[in-house]
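Below: the structure, in structure tokens.
The values are calculated or read from the model by the stated rules, or taken from the named source; none is laboratory data. Just so it is clear, the structure is predicted and the values come from calculations on it, not from any experiment. All Cβ positions, even for glycine, are placed from backbone atoms using ideal geometry, and neighbour counts span all protein chains on display.
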Amino acid sequence: MHRRFGVGHRVEYRDIDLREGLPFRDDFDVVVFKSVLGGLGDDPAFARDVMAQIHAALRPGGHLLFADNTRGGMLHRGARRLAYRIRRSSWRYPTLAELDGLLAGYRDVRMRVGGVAAVFGPTEGIRDVLARLDRAVLERLAPRDWHYMAYGTARR
């Protein structure tokens, strides 16, 4: 896609092990991540460290765009426990309060939540129907911490 729009020379992809630290300081106008925090393991201090590294990698005034899965409601937590027993894998879902804490060093934080039922659809078509139900009804009725996705922006 980058080549098609003539900016391929300005985009670089790298595999980075966050345990070794980000090798950037004041380098980026924008950092984007999706579904990263849950894969960092069970140590909340490591997530705080990663968010501090991202903050340092941004230029002053730079923007963070993020979307990550959150703890969700009781039904989400139960379904995940069952799925992880079957798949023998794990993922850590932060609470909204934890996300607020991870973003504490940023300015102009705007975080929204979404998703209640769509994640339970076994097929793309059913997920689409449930997503419409989410947007039309459930996201308005469900408590904020029952949503399974948080997304937003923040500035350094």
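Arg25 passes every criterion in (1) surrounded by 14 or more Cβ atoms within 10 Å (Cβ to Cβ); (2) at pLDDT 95 or above; (3) assigned to a loop (DSSP other than H, G, I, E, B) apart from (1). Looking at segment 106-142, which of the residues that are part of a loop (DSSP other than H, G, I, E, B), of a type outside the set (A, V, I, L, M) and touching a residue at least 12 places away in the same chain (Cβ under 8 Å) is nearest to Gly72 (Cα to Cα)? Only one residue fits best here, namely Gly115. Considering (1) surrounded by 12 or more Cβ atoms within 10 Å (Cβ to Cβ); (2) under 19 Å from the mean Cα position of the chain (by Cα), the lone condition that Asp15 does not fulfil carries the number (1). In the condition set (1) in contact with a His (Cβ under 7 Å, 6 or more places away or on another chain); (2) surrounded by fewer than 17 Cβ atoms within 10 Å (Cβ to Cβ), Gly72 is compliant with all but (2). The one condition from (1) of a type in the set (D, E, K, R); (2) in contact with a Lys or Arg (Cβ under 7 Å, 6 or more places away or on another chain); (3) in contact (Cβ under 8 Å) with a residue 40 or more places away in the chain; (4) in a helix (DSSP H, G or I) that Arg48 does not meet is (2).
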